[in-house]
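Asks: What follows is a single structure, and I will ask about it in a moment.
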Amino acid sequence: MTADVVAPTRRSLHGIAELVLAGPQYREVGRIRLRIVGDGFGTLSEPSLRVEGGDLVTGTARIPLSGQTYASLAEAAGTEAGAPEGLYPDGSGVKPDEVITFDPEAGAVILRAFVAGDEALRGFAPGTEPVLWPEHFDLAITLDEVNYGVSSGDGHLPEPYAYVGPHRPREGEFWNAPFGAARTLRELGDADAIQRFFEEGKRRTDT
């Protein structure tokens with residue numbers, strides 16, 4: 001699947017994470033962290049919402065994403081769309097009245113990437129809780145001043161990728177990105193391979 005096919009769905013899922021999940025959660029309990037839940041992602045606390053496949057799942061309903069605006073999706077879930085206010089300068093860039101675009105195949109690519117990333121991070125650093133950050137729409141942990149995570153894609157790489165981002169720049173062939181090291185999930189494959197990439201990054205930052 002090409003990056004231009006994935007991009008609209010990625011932008012829409014990013015918008016849902018930010019406006020429909022993190023924003024309402026922040027206004028309710030004061031935190032923006034999201035998490036991987038089952039085969040999708042969702043809030044940590046109230047309002048209890050998650051994205052699964054092509055639906056937003058509440059405690060009582062499954063609401064299709066396609067054809068909704070962010071505002072109508074949030075309203076159907078019993079909340080109000082809106083990003084967390086005043087916490088970060090960037091984000092998805094979507095507005096509440098925009099129409100959501102969801103391609104099932106593209107959505108599956110992104111959601112599988114996050115699920116594999118969550119498994120890899122937990123295997124790599126047992127006891128940690130990977131966080132899905134709504135501002136960048138990536139899943140990450142930080143250990144010993146090094147960020148490890150999986151991005152859904154961005155201006156650096158337009159497809160899902162795993163990364164190792166040391167706070168202090170490193171040099172060498174392994175470090176192939178401005179922020180550290182990156183490998184596409186298409187290149188790495190499954191959660192075990194992603195975990196091995198994180199482990200290699202840790203060995204190289206420990207030296």
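The values are calculated or read from the model by the stated rules, or taken from the named source; none is laboratory data. Not measured: the values here are computed from a predicted model. Backbone-built Cβ (ideal geometry, glycine too); neighbour counts: all protein chains shown. We work out accessible area using only protein heavy atoms, side chains counted, and drop any ligands, DNA or RNA first. Shrake-Rupley method; radii C 1.70, N 1.55, O 1.52, S 1.80 Å.
Asks: Kindly indicate the residue of the range 16-33 that is of a type outside the set (K, R) and outside any helix (DSSP H, G or I) and also surrounded by the most Cβ atoms within 10 Å (Cβ to Cβ) among those meeting that condition.
Replies: So the residue we want is I32.
Asks: What's the number of the only condition in (1) out of contact with any helix residue (DSSP H, G or I) (no Cβ under 9 Å at 6 or more places or on another chain); (2) surrounded by fewer than 18 Cβ atoms within 10 Å (Cβ to Cβ) that F114 fails to meet?
Replies: Status for F114: all satisfied but (2).
Asks: When the range 43-52 is examined, which residues are found to be outside any loop (DSSP other than H, G, I, E, B) and either closer than 16 Å to G82 by Cα or among the charged types (D, E, K, R) (or both)? Steps first, answer last, please.
Replies: We begin by selecting, within the range 43-52, every residue outside any loop (DSSP other than H, G, I, E, B); these are 43, 50-52.
Those that are outside any loop (DSSP other than H, G, I, E, B) and either closer than 16 Å to G82 by Cα or among the charged types (D, E, K, R) (or both): T43, R50, E52.
Asks: Quick one: in the range 159-169, of everything that is assigned to a loop (DSSP other than H, G, I, E, B) and open to solvent by less than 60 Å² (accessible area, probe 1.4 Å), which residue is modelled with the highest pLDDT? Break it down stepwise before answering.
Replies: Taking the range 159-169 as the starting set, the residues that turn out to be assigned to a loop (DSSP other than H, G, I, E, B) are 159-160, 167-169.
Cutting the leftovers down to open to solvent by less than 60 Å² (accessible area, probe 1.4 Å) gives us 159-160.
Values: E159: 92, P160: 95.
Here the residue is P160.
Asks: Scanning the range 170-200 for residues that are in contact with a strand residue (DSSP E or B) (Cβ under 8 Å, 6 or more places away or on another chain) and assigned to a loop (DSSP other than H, G, I, E, B), which turns out surrounded by the fewest Cβ atoms within 10 Å (Cβ to Cβ)?
Replies: Looking at residues that are in contact with a strand residue (DSSP E or B) (Cβ under 8 Å, 6 or more places away or on another chain) and assigned to a loop (DSSP other than H, G, I, E, B), I get N176.
Asks: I've got another one for you. Cβ-Cβ distance below 9 Å, separation of 6 or more or different chains: which pairs start in the range 186-199 with a residue that is among the acidic types (D, E) and end on one that is open to solvent by less than 40 Å² (accessible area, probe 1.4 Å)?
Replies: Close Cβ pairs satisfying both conditions: E187/Y161; E187/A193; D190/A116; D190/A120; D192/A120; D192/G123; E199/F124.
Asks: Contact list please: Cβ distance under 9 Å, first residue in the range 124-147 and touching a residue at least 60 places away in the same chain (Cβ under 8 Å) and surrounded by fewer than 17 Cβ atoms within 10 Å (Cβ to Cβ), second residue part of a strand (DSSP E or B) and of a type in the set (K, R), pairs at least six apart or on different chains.
Replies: E129/R35
Asks: Would you say V37 is open to solvent by 70 Å² or more (accessible area, probe 1.4 Å), closer than 16 Å to V20 by Cβ and of a type outside the set (D, E, K, R)? If you could, list the steps in order and put the result at the bottom.
Replies: On the way: open to solvent by 70 Å² or more (accessible area, probe 1.4 Å): no; closer than 16 Å to V20 by Cβ: yes; of a type outside the set (D, E, K, R): yes.
No; evaluated as a whole, the condition is false for this residue.
Okay, residues lined up against (1) in contact (Cβ under 8 Å) with a residue 60 or more places away in the chain; (2) acidic (D, E); (3) in contact with a Gly (Cβ under 6 Å, 6 or more places away or on another chain):
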residue	(1), (2), (3)
E18	yes, yes, yes
R33	yes, no, no
L44	no, no, no
T58	no, no, no
R62	no, no, no
A76	no, no, no
G93	yes, no, no
V109	yes, no, no
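Asks: Any idea which of (1) under 15 Å from S152 (Cα atoms); (2) open to solvent by 70 Å² or more (accessible area, probe 1.4 Å); (3) of a type outside the set (A, V, I, L, M); (4) modelled with pLDDT of 95 or more is the one D4 doesn't satisfy?
Replies: (4)
Asks: Restricting attention to the range 95-139, report how many residues are within 15 Å of the chain's Cα centre (by Cα) and in a helix (DSSP H, G or I).
Replies: Of the residues in the range 95-139, 16 are within 15 Å of the chain's Cα centre (by Cα) and in a helix (DSSP H, G or I).
Asks: On the given criteria, is Y70 modelled with pLDDT of 95 or more, hydroxyl-bearing (S, T, Y) and buried (at least 23 other Cβ atoms within 10 Å of the Cβ)?
Replies: Numbers: modelled with pLDDT of 95 or more: yes; hydroxyl-bearing (S, T, Y): yes; buried (at least 23 other Cβ atoms within 10 Å of the Cβ): yes.
When the stated conditions are applied, Y70 passes them.
Asks: Please go through the range 53-72 and give me each residue that is of a type outside the set (D, E), within 19 Å of the chain's Cα centre (by Cα) and not in a loop (DSSP other than H, G, I, E, B), ordered by number.
Replies: Selection gives L56, V57, Y70.
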